[in-house]
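Worksheet: one structure, shown below.
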Amino acid sequence: MNALDRLQVQILKRISPGEPNVCSGEVYRNKSKLRILLGEAAVNSLPGKVVIDFGCGEGMEAIEIAKAGAARVIGINIRESILQVARRNAAQAGVPESLCSFAQKTDQLADAIVSIDAFEHFEDPGLILKLMHGLLKPGGECLISFGPTWYHPLGGHLFSVFPWAHLVFSERAMIQWRSAFKTDGATRFCEVEGGLNQMTIRRFEKIVAASPFQGAGTIETVPIRKLRPLHNPLTREFTSALVRCRLVK
């Protein structure tokens, strides 16, 4: 690190000497994250369908989809430790494995694939869209929602100790600051737990356009509530709360 990086590390330690409580999901407590992020119409289209929750995390959204009337739900995640938590959550919710199962991969073709808060984390989002396309039945659809995107005030997730901090401080300084309370040895944003691929709205649009879906669907940017009057095509990278996307095979 150079002298400027070291100065930035000291500033970060003063601002936040410990791990900040950023993007913790607390805002969704006692609410349906699924319905808030995907929208009511998208969620209401899932009953009776075979659904894959791609990047299912601890399984709460997959369980909600199953309980809402889906024919079958398969939650996919690359981390087995997370899948074990998801299976316990399903059992505690009284949802049988025959209705809602969790695995690292599946050959089951789906009527719909749901992806929530994952596309800003995937190492190769273009490859993920290809995999999703291959897992859909003809006429099937991907329902995607993710955010915050990179230029959102909290787009750095853990690194957003104040709005747009991840754009103010260098990556080297932020990683060094993080090492005081995280011990995974990450040296770049993309190496932290969960990964951060610095996804912007424009980059996502380009990835979709180059995917097998070939832009067949819609992409919507939902404005940050307090910045809604400022939200427009020129400012959307900085004023959008999340991206919603529907892609059809």
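Checked against (1) modelled with pLDDT of 95 or more; (2) in a helix (DSSP H, G or I), residue 158 passes all but condition (1). Give the residues of the range 1-44 that are polar (S, T, N, Q), part of a loop (DSSP other than H, G, I, E, B), more than 17 Å from the chain's Cα centre (by Cα) and surrounded by fewer than 16 Cβ atoms within 10 Å (Cβ to Cβ), sorted by residue number. Matches in the range 1-44: 2, 21, 30.
Going through the range 105-124 one residue at a time, which ones are over 30 Å from residue 221 (Cα atoms) and not hydroxyl-bearing (Ser, Thr, Tyr)?
Narrowing the range 105-124 to residues over 30 Å from residue 221 (Cα atoms): 106-108.
Those that are over 30 Å from residue 221 (Cα atoms) and not hydroxyl-bearing (Ser, Thr, Tyr): 107, 108.
When residue 199 is tested against (1) touching a residue at least 24 places away in the same chain (Cβ under 8 Å); (2) in contact with a Leu (Cβ under 9 Å, 6 or more places away or on another chain); (3) under 30 Å from residue 5 (Cα atoms), exactly one condition is not met: (2). From the list 121, 166, the one residue that fits, being surrounded by 21 or more Cβ atoms within 10 Å (Cβ to Cβ) and of a type outside the set (Val, Ile, Thr), is 166. Close Cβ contacts (under 7 Å, 6 or more residues apart or on different chains) running from residues in the range 22-51 that are modelled with pLDDT under 90 to residues that are of a type in the set (A, V, I, L, M, F, W, C) and in a loop (DSSP other than H, G, I, E, B) comprise 22/154; 23/154. Which of the residues belonging to the range 171-200 are farther than 18 Å from residue 55 by Cα and not in a loop (DSSP other than H, G, I, E, B)? 171, 172, 173, 174, 175, 176, 177, 178, 189 - these are the residues of the range 171-200 that are farther than 18 Å from residue 55 by Cα and not in a loop (DSSP other than H, G, I, E, B).
Among the residues of the range 211-226, write down those that are surrounded by 13 or more Cβ atoms within 10 Å (Cβ to Cβ) and of a type outside the set (Val, Ile, Thr).
Step one: list which residues in the range 211-226 are surrounded by 13 or more Cβ atoms within 10 Å (Cβ to Cβ), which gives 211-213, 216-217, 219, 221-224.
Those that are surrounded by 13 or more Cβ atoms within 10 Å (Cβ to Cβ) and of a type outside the set (Val, Ile, Thr): 211, 212, 213, 216, 217, 223.
Answer yes if at least one residue in the range 51-67 is aliphatic (A, V, I, L, M) and surrounded by fewer than 17 Cβ atoms within 10 Å (Cβ to Cβ), and no otherwise. Spell out the reasoning first.
So in the range 51-67, the residues aliphatic (A, V, I, L, M) come out as 51-52, 60, 62-63, 65-66.
Adding the requirement that they be surrounded by fewer than 17 Cβ atoms within 10 Å (Cβ to Cβ) leaves none.
There is no residue in the range 51-67 that is aliphatic (A, V, I, L, M) and surrounded by fewer than 17 Cβ atoms within 10 Å (Cβ to Cβ).
Is it the case, given these coordinates, that residue 107 is within 19 Å of residue 245 (Cα to Cα) and either touching a residue at least 40 places away in the same chain (Cβ under 8 Å) or not basic (Lys, Arg) (or both)?
Working: within 19 Å of residue 245 (Cα to Cα): no; either touching a residue at least 40 places away in the same chain (Cβ under 8 Å) or not basic (Lys, Arg) (or both): yes.
Against the criterion (within 19 Å of residue 245 (Cα to Cα) and either touching a residue at least 40 places away in the same chain (Cβ under 8 Å) or not basic (Lys, Arg) (or both)), residue 107 does not qualify.
Counting the residues of the range 177-192 that are within 20 Å of the chain's Cα centre (by Cα), within 19 Å of residue 12 (Cβ to Cβ) and not aliphatic (A, V, I, L, M) gives 3.
The values are calculated or read from the model by the stated rules, or taken from the named source; none is laboratory data. Here the structure is a predicted model, which is why all the values come from computation and not from measurement. FYI the Cβ positions are ideal-geometry reconstructions off the backbone, even for glycines, and counts take in every protein chain you see.
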